[in-house]
Amino acid sequence: MPTALIIGASRGIGLGLTAELIARGWQVVATHRSAAPELVATGATTAVVDMDDAESVAALAAAHAGTMFDHILINAGISSTPTASTTDKDNVTKLFWTNAIAPIRAARILLPLVKDGGSIGFMTSILGTVGGRQHGYAELYSASKAALNSLTRGFAVQDVGSRNIAVINFHPGWVKTDMGGDGADIDVATSVQGLATQIETVKPPGQHYIDYTGKTIPW
Ligand SMILES: NC(=O)c1ccc[n+]([C@@H]2O[C@H](COP(=O)([O-])OP(=O)(O)OC[C@H]3O[C@@H](n4cnc5c(N)ncnc54)[C@H](OP(=O)(O)O)[C@@H]3O)[C@@H](O)[C@H]2O)c1
């Protein structure tokens, strides 16, 4: 039975993906911060983790020492509407901490739990592309995901190195969640079915920046 660990699964895409992988026969450990009855109802093994706190992630790693996962997904993230001109230091610190710094710190702590031949995923966004960006939409959120993309490039080379592990930067589509809003393009089911198929499709070692359909996104 393949195994996955998902960080940030109380609602939205993380919750949907947990349920989808379990429906496909995976065993899933999924994390939340506060009460998450819908997550518990999926049948996942649940754990309380605040990704912003490296000690919280380290406690999770210690609790699962010896378990080797086929896939670990760092999914947690937050949005932000102010622009560079209207934000303040606290808001931008929180945004970049949660969307860029905390995911890399978590990945470094959890990497020893990824099986050879497995993969580690980051939920970035198509908004994190620099080369493909031709608009100014959501500039700070986009910059935080671009920062995450940049940090994952270093992580893939420096931390994963020659291990037989693929690093996957995912864009889930524009999804109807609390973050994506009701006007988004696709529902959670469509996104997570695509993401689950991409996770199940063995990727060669190296780094891949793809959307939920498997389409490559320019860095
Ligand atoms: N929705 C979209 O259209 C879209 C598009 C591109 C990328 N994304 C990315 O996809 C990911 C999931 O988005 P979503 O739409 O499902 O968002 P969402 O509905 O707002 O859910 C966000 C999830 O992240 C968790 N989270 C946030 N900060 C956390 C922290 N410090 N520690 C642990 N968990 C934390 C939340 O937990 P709590 O319930 O405890 O707050 C929640 O489970 C995010 O990284 C987002 O940036 C989304």
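Structural remarks
- Test: Ala84 is small (Gly, Ala, Ser), free of Cβ contacts under 8 Å to residues at least 40 places away in the same chain and more than 9 Å from the ligand (Cβ to nearest atom): no
- Residue match in segment 146-165 (condition: away from the ligand (no atom under 15 Å from the Cβ), at positive phi, out of contact with any helix residue (DSSP H, G or I) (no Cβ under 7 Å at 6 or more places or on another chain) and touching a residue at least 12 places away in the same chain (Cβ under 8 Å)): no
- Checklist (1) within 16 Å of the ligand (Cβ to nearest atom); (2) modelled with pLDDT under 95 applied to Pro205, failing item: (1)
- For the residues Ala107, Ala61, the requirement of being more than 13 Å from the ligand (Cβ to nearest atom), assigned to a helix (DSSP H, G or I), more than 16 Å from the chain's Cα centre (by Cα) and surrounded by 17 or more Cβ atoms within 10 Å (Cβ to Cβ) singles out Ala61.
- Selected residue [of a type outside the set (Lys, Arg) and away from the ligand (no atom under 11 Å from the Cβ)] from Ala9, Ala4, Ala30: Ala4
- Boolean, Asp70 is within 11 Å of the ligand (Cβ to nearest atom), touching a Lys or Arg at 6+ places or on another chain (Cβ under 7 Å) and modelled with pLDDT of 95 or more: no
- In summary, Pro82 fulfils each of the numbered conditions (1) touching a Lys or Arg at 6+ places or on another chain (Cβ under 6 Å); (2) not in a helix (DSSP H, G or I); (3) not acidic (Asp, Glu) with the single exception of condition (1).
The values are calculated or read from the model by the stated rules, or taken from the named source; none is laboratory data. Worth saying up front: this structure is predicted, and the values here are computed from it rather than measured. With ideal geometry, Cβ positions are generated from the backbone for all residues, glycine too; neighbour counts draw on all protein chains shown.
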